[in-house]
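See structure below.
No lab work stands behind these numbers, since they all come straight from the coordinates. In this text, all values refer to a predicted model and were calculated from it rather than measured experimentally. FYI the Cβ positions are ideal-geometry reconstructions off the backbone, even for glycines, and counts take in every protein chain you see.
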């Protein structure tokens, strides 16, 4: 949970504020800008801004699609082909918090937005397949609904077609890397995060040891 919601659960942003307050001995309220969000069951890299100017500059990078995002997803099916590009039109039902991927624009879903990603298979262990996914657009639930549309729902993602949930409520989708040019220093910034320690993720991580 990146930012507070109606559940009342403590969000990641509150933990980061506490860290900043302690680390830099800041009195009173601490500013923290939420630049982007991950779906609640998704793990991985999250970037915050410590100043309002930093927030404005980072928001511009995301808006202009100058942040390169790399995700890992584990599915129980191999995509055909094993590497390719997906283009769908995604409509979001905010009431039900669910998205729908269409193969083409439809008058029934006038709000549907063009959504693009590339993917490739990195490895397979038994029936489990590790995909690297790079979204070119930032639509709600984009990777989840687009992979489901081609018959490769993310493991644990019952909202989008996987048959059973993970025991902890997570899904096997992880933001592996964010890369961008620092808005002030103009230097390349690459932030990576390993997947959480979990049996299936660990099996794939051991392949690179």
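Values computed for the structure shown
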item	result
Highest-MSF residue in the chain out of 42, 16, 145 [GNM, Cα springs under 10 Å]	16
102, 130 arranged by Cβ crowding within 10 Å, fewest neighbours leading	102, 130
Förster radius 25 Å - calculated FRET efficiency between residue 56 and residue 113 (Cβ-Cβ, nearest 0.05)	0.55
Principal semi-axes in Å for region 126-202 [√(5λ), Cα gyration tensor, largest first]	27, 16, 11
Value of relative contact order over region 114-182, rounded to a whole percent, pairs C-alpha under 8 Å and six or more apart	18 percent
Label zone at residue 137, where the point sits 7 Å out along the Cα-to-Cβ direction: region 60-92 residues whose backbone N lies under 13 Å	86-92
Calculated P(r) of the chain - Cα pairs past 31 Å, %	24 percent
Förster radius 35 Å - calculated FRET efficiency between residue 95 and residue 189 (Cβ-Cβ, nearest 0.05)	0.40
Choice from 198, 181, 163 showing the highest fluctuation, given a GNM over the chain with Cα pairs closer than 10 Å	198
Sequence-separation-based contact order of region 68-206, relative, with Cα cut under 8 Å and 6+ spacing, percent	26 percent
Inter-label distance for residue 202 and residue 66, nm, one decimal - labels placed 7 Å from Cα along Cα-to-Cβ	4.2 nm
Additional length obtainable on full extension of the chain from residue 150 to residue 124, 0.36 nm per residue less Cα span	7.6 nm
Acute angle (nearest 10 degrees) that the helix 12-23 long axis makes with the longest principal axis of the chain, alpha-carbon atoms	30 degrees
GNM top mover of 182, 68, 167 - the chain, alpha-carbon springs below 10 Å	167
Cα long-axis angle, helix 52-63 against the chain (0 to 90 degrees, to the nearest 10)	20 degrees
Approximate spin-label separation residue 179-residue 20, in nm, with each point projected 7 Å along Cα-to-Cβ	2.7 nm
